[in-house]
Amino acid sequence: MHFDIKNGKIWLQQNLTDQNPAEELVKMGISREDIVLGLQPPYKRPYTEYGVA
């Protein structure tokens, strides 16, 4: 897993596990809007349940 923090948002850059770290962050109380799936291309991010940047 690779995370970055940019402009107050958590960016999930890489996940080579069978875990879903974004959902784990939501369970810990982090809002979906503050999580960006950086491993997704920018044009796909608006269609996820998470932030777009």
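The values are calculated or read from the model by the stated rules, or taken from the named source; none is laboratory data. What you are looking at is a predicted structure, and each value in this text was computed from that prediction instead of being measured. Positions of Cβ are backbone-derived with ideal geometry, glycine not excepted, and every protein chain shown enters the neighbour counts.
Residues in segment 18-41 that are more than 18 Å from residue 52 (Cβ to Cβ) and either touching a helix residue (DSSP H, G or I) at 6+ places or on another chain (Cβ under 9 Å) or loosely packed, with under 11 Cβ neighbours inside 10 Å (or both): 18, 19, 24, 27, 28, 29. The C-beta contact set for segment 7-28 (first residue in contact (Cβ under 8 Å) with a residue 12 or more places away in the chain, second residue in a helix (DSSP H, G or I) and of a type in the set (A, V, I, L, M, F, W, C), distance under 9 angstrom, 6+ apart or interchain) comprises 10/22; 10/25; 12/22; 12/25; 15/22. Of the residues making up segment 42-53, those that are among the hydroxyl-bearing types (Ser, Thr, Tyr) and either in a loop (DSSP other than H, G, I, E, B) or surrounded by 10 or more Cβ atoms within 10 Å (Cβ to Cβ) (or both) are 43, 48, 50.
For residue 5, the conditions (1) surrounded by 10 or more Cβ atoms within 10 Å (Cβ to Cβ); (2) assigned to a strand (DSSP E or B) all hold with the exception of (1). Say whether the condition of being assigned to a strand (DSSP E or B) and under 10 Å from the mean Cα position of the chain (by Cα) is met by at least one residue in segment 18-31. Scanning segment 18-31, I find no residue that is assigned to a strand (DSSP E or B) and under 10 Å from the mean Cα position of the chain (by Cα), so the answer is no. Pairs linking a residue in segment 36-53 that is over 18 Å from residue 26 (Cβ atoms) and without any contact (Cβ under 8 Å) to a residue 60 or more places away in the chain to a residue that is exposed (fewer than 11 other Cβ atoms within 10 Å of the Cβ) and of a type in the set (Ser, Thr, Tyr), with Cβ atoms under 8 Å and 6 or more positions apart or on different chains, do not occur. Of all residues assigned to segment 10-17, none qualifies as being surrounded by 14 or more Cβ atoms within 10 Å (Cβ to Cβ), touching a helix residue (DSSP H, G or I) at 6+ places or on another chain (Cβ under 8 Å), in a helix (DSSP H, G or I) and at pLDDT 95 or above.
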